[in-house]
Amino acid sequence: MIENHEGRYCGWVNAKNSYGGYSGFVRFYGLFAGEKPDGSPGFFVFTMGGNARDDAVTAKMCADAGY
């Protein structure tokens with residue numbers, strides 16, 4: 001995972017499918033927005049790959065953010 005010092009992150013995550021098995025690494029783009037009221041991190045995933053179109057959108061968002 002890479003952070004660009006503005007709280008924006010791009011990276012890869014090995015996601016689980018609906019059966020609970022790992023389905024392989026997919027790209028994600030997200031934003032750290034401080035702590036939530038309960039003290040846990042407020043991290044929001046804006047987009048995540050999964051198919052060719054979603055991966056292309058995620059890759060473009062990461063590139064536009066300077067990754």
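The values are calculated or read from the model by the stated rules, or taken from the named source; none is laboratory data. All of these numbers come straight from a predicted model, not from anything done at the bench. Glycine also receives a Cβ, built like all others from the backbone with ideal geometry; neighbour counts cover every protein chain displayed. Ligands, DNA and RNA are excluded from the accessible area calculation, which covers all protein heavy atoms including side chains. Shrake-Rupley method; radii C 1.70, N 1.55, O 1.52, S 1.80 Å.
The figures follow:
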| read-out | value |
| --- | --- |
| (1) 30, 26, 18; (2) 32, 29, 15; (3) 58, 39, 7, with the label sought being that of the calculated Cα extents along the principal axes in Å | (2) |
| Local net charge near MET48, Cβ-Cβ under 11 Å (Lys/Arg +1, Asp/Glu -1) | -1 |
| Share of carbon and sulfur in the accessible heavy-atom surface of the range 23-67 [1.4 Å probe, %] | 60 |
| For the chain: accessible area per residue (Å², 1.4 Å) | 71 |
| Label-point separation in nm, TYR67 to LYS36, each point 7 Å along Cα→Cβ | 2.2 |
| The chain, relative contact order in percent, only Cα pairs under 8 angstrom and at least six apart counted | 26 |
| Residues whose placed amide H lies under 5 Å from that of THR47, excluding near-sequence neighbours | TYR29 |
| Net charge dipole size for the chain [Lys, Arg +1 and Asp, Glu -1 on Cβ; Debye, nearest 20] | 220 |
| Neighbourhood charge, 15 Å Cβ-Cβ cut-off, centred on GLY24 and excluding it, Lys, Arg +1 and Asp, Glu -1 | 0 |
| Computed [θ] at 222 nm, helices only, for the chain once each DSSP H run of length n ≥ 4 contributes -39500 (n - 2.57) | -6000 deg cm²/dmol |
